Amino acid sequence: PIRWEPSDRSMEEAPYTISESFLERIQTVVDKALEEDLKIIINMHHHEALYADPAEQKECFLAQWRQIAEYFQDYPDDLLFEVLNEPHGELSPELWNT
């Protein structure tokens, strides 16, 4: 599970840039796991701001996933993405499916 939004990990305002050092740390863990022939799932975990106010946080959520996808675009199929762990709160099934 990865929590992306604390201010030391990503910007709180547009363009919501994820810290290069945090991405590098994730990459180190992913690379080590792949060396051990493990399957890896990168997810977005504990995104409390999104659960509380999906409309306000939508652009941040999408911007972060664009960065994550671009950063890991050349990785093998053993790296998977779970877009969001356990949507709940104000993020209704209808909003999530949209």
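Of the residues in the range 89-96, not one is loosely packed, with under 15 Cβ neighbours inside 10 Å and closer than 18 Å to A14 by Cβ. Considering only residues of the range 30-45 that are part of a helix (DSSP H, G or I) and open to solvent by 90 Å² or more (accessible area, probe 1.4 Å), which is farthest from P15 (Cα to Cα)? Restricting to residues being part of a helix (DSSP H, G or I) and open to solvent by 90 Å² or more (accessible area, probe 1.4 Å), the top hit is E35.
S7 meets all of the listed conditions (1) without any contact (Cβ under 8 Å) to a residue 40 or more places away in the chain; (2) open to solvent by 90 Å² or more (accessible area, probe 1.4 Å); (3) on the phi < 0 side of the Ramachandran plot; (4) in a loop (DSSP other than H, G, I, E, B) but one, namely (2).
Checking each residue in the range 12-29 for being in a loop (DSSP other than H, G, I, E, B) and either closer than 9 Å to C60 by Cα or touching a residue at least 40 places away in the same chain (Cβ under 8 Å) (or both) picks out E12, E13, A14, P15, Y16, T17. Of all residues in the range 52-69, none that is in contact (Cβ under 8 Å) with a residue 60 or more places away in the chain and among the hydrophobic types (A, V, I, L, M, F, W, C) has its Cβ atom under 7 Å from the Cβ atom of a residue that is part of a helix (DSSP H, G or I) and crowded, with 19+ Cβ neighbours inside 10 Å, 6 or more apart or on another chain. Under the condition of being closer than 16 Å to E82 by Cβ and either aromatic (F, W, Y) or touching a Lys or Arg at 6+ places or on another chain (Cβ under 7 Å) (or both), the residues counted in the range 20-70 number 5.
Looking only at residues in the range 46-76 that are outside any helix (DSSP H, G or I) and either open to solvent by less than 30 Å² (accessible area, probe 1.4 Å) or among the small types (G, A, S) (or both), the one that is modelled with the lowest pLDDT is H47.
The values are calculated or read from the model by the stated rules, or taken from the named source; none is laboratory data. As the structure is a prediction and not an experimental result, all values here were calculated from the model. Heads up, the Cβs are rebuilt from the backbone with ideal geometry, glycines too, and the neighbour counts pull from every protein chain shown. Only protein heavy atoms, including side chains, enter the accessible area calculation; ligands, DNA and RNA are left aside. Shrake-Rupley method; radii C 1.70, N 1.55, O 1.52, S 1.80 Å.
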